[in-house]
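Trainee: This is the structure I want to talk about, given as structure tokens.
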Amino acid sequence: MAPLEPWEKVLVSAEKFPETVHGHIACTDCHGGVQSAEKDIAHQALVARPSEGNPNACSKCHTDIAMVYPGSLHATLQGYWTVLETRSVPADHPTLEKMFSNHCYRCHASCGDCHVAQPSSVGGGLFEGHLFARTPPMTRSCTACHGSRVGNEYLGKNEGFPGDVHFREGRMNCVNCHADEEMHGQPSNCMQCHKSPETVSLPAANHRYAGLQSPTCESCHPDTILGKDNIEMHTVHGADLSCQVCHSITYTSCDGCHVAISDKSGSPYFETQNTYSTFLIGLNPQRSYTRPYKYIPVRHIPTSPDAFEFYGKNLLPNFNLLPNWAYATPHNIQLKTPQAETCNSCHGNPDLFLTIDKVNTDEVEANQSVIVPLIPAPILETLEGTTSP
Amino acid sequence: MRILSWLIIILMSVLLLVGCQGRAYSDLRENASVSLSLPVGLAANSVNPTAVAEEPAAPAPNECLNCHADKDRLIETAKPVEPVAESESKGVG
């Protein structure tokens, strides 16, 4: 996505914007400043990003969303802190906060970052002359941030691998699954029906895989869990395998990300050592009521014990408390996949499973909870004939 | 006779005071009805009901929109773009 010219970033449509609901609100009501033809005067006390903070300009009218959004992961980035706090010790948190502010905080999104402008992590700039978008435009908003893995998988940009069937066949946008309730910080499965005030008292998630699974594939494909689709694999494996184990294909893993501040420019930067394609099934390290699966796809995430060494030695002394082959939900779903072709495409196939031989020696301890100790045995041919779909 | 003169003076004074009071009251009432029932811009109509109605006052110019909808003006008034150092990041973020 090409960056916008400076003037493009702040261009307002004189024809369309005044006709919209937001166009009936005085500019200064949201943005502060003063009415003047002189730029310097007009921009006195200007609020360029009025949706920052709580309360903010949006919360005056959108009170229901304003109640929950401050707790959403898009606003808090709490998922990062859940992991950082587990792997570090409190004494190092001030140092990690400095690192976080320099390298991670750009991912924070306010209302405007999705609904009226491109996220600041990709340079910002108004979408379409300050017209507000109820549904954020997928490639200028969602995959502008979630691009290198989710975006490339979903849109089929990884060479040799097709895009997600929901995109290829259904032209589905991110929000067709990730509904607004979820984006605003509450499980959409609950909020679509339970819109009463008590629903919003659900505690805010502290990680993307915390709490209720939302969205779920079953929301649109209920027959898969009700045994009505006559697919025996769903009956046999429905509770043991996450949907992605059978229906996703090769996805991206990364190694060895390190962050630092440039001596030359003074700007923060990162360096990822390796990026490669994987499809590996591991054990689910956090089985729960809504994620009961024994097996899940796992992705090697780029963090490493010395990822933040620029800021200090041994800042992640408890690195091994969490796996760095992490629970993954690849966004490249297919109806038919190589691993689900027959029973023995998966059963007895060591290439598909995260066994100890595939884990770096110094990462074995961290990944004990996901390493598959013994792969499922092959199915006898005669039996396979009776169980294949 | 002297008493009659005093009576006439008193009567004239009373008539004068009552007359003045009536004008002041009607003035007040007229002013009040104008200020309460008509916008300021149309107040003149109450004085001359047959006059042609004036155009409503033009809305105040929206200086924010005037500038931000004008590409040339935005380019003209933009801060000079400082050259941004090429990102030193390597690999997939």
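Trainee: Just the number: Rg to Rh for chain A, Cα atoms, Kirkwood Rh, two decimals.
Mentor: Rg/Rh for chain A comes to 1.00.
Trainee: Looking at the stretch A:290-371, which trypsin sites (Lys or Arg not before Pro) are DSSP coil and have at most 11 other C-beta atoms within 10 Å of their C-beta?
Mentor: Within the stretch A:290-371, the qualifying trypsin sites (Lys or Arg not before Pro) (loop, at most 11 other Cβ atoms within 10 Å) are A:LYS313, A:LYS336.
Trainee: On to the next question. Could you work out [θ]222 nm for the protein assembly as shown from helices alone, using -39500 (n - 2.57) per DSSP H run of at least four and dividing by all its residues? Round to the nearest 500 deg cm²/dmol.
Mentor: Mean residue ellipticity at 222 nm (helix-derived): -7500 deg cm²/dmol.
Trainee: Also: For the Cα atoms of chain A, what angle does the longest principal axis make with the long axis of helix A:93-103, in degrees from 0 to 90, nearest 10?
Mentor: Around 80 degrees separate the two axes.
Trainee: Sticking to Cα atoms, compute the Rg of the stretch A:220-389 to one decimal and its Dmax as the biggest Cα-Cα distance, whole number, in Å.
Mentor: Considering the stretch A:220-389 through its Cα atoms, Rg and Dmax are 19.1, 67 Å.
Trainee: Subtracting the Cα-Cα distance from 0.36 nm times the residue separation, let me have the gained length for A:HIS178 to A:ALA37 in nm, one decimal.
Mentor: Stretched fully, the A:HIS178-A:ALA37 segment lengthens by 46.5 nm.
Trainee: Oh, and also: Which trypsin sites (Lys or Arg not before Pro) from the stretch A:8-100 combine a DSSP loop assignment with at most 15 other Cβ atoms within 10 Å?
Mentor: Sites meeting the loop and neighbour criteria: A:LYS16.
Trainee: Can I ask one more? Shielding of A:3-15 by partners, i.e. mean partner chain Cβ atoms within 10 Å per residue?
Mentor: 4
Trainee: Additional query: Counting other C-beta atoms within 10 Å, which of B:CYS67, A:CYS190 has the fewest, and how do the rest follow?
Mentor: Result, fewest neighbours first: A:CYS190, B:CYS67.
Trainee: Among the lysines, which have Cα under 21 Å from the Cα of A:LYS313 when same-chain residues fewer than 8 positions away are ignored?
Mentor: A:LYS98
Coordinate-derived values only; no laboratory data. Not measured: the values here are computed from a predicted model. Backbone-built Cβ (ideal geometry, glycine too); neighbour counts: all protein chains shown.
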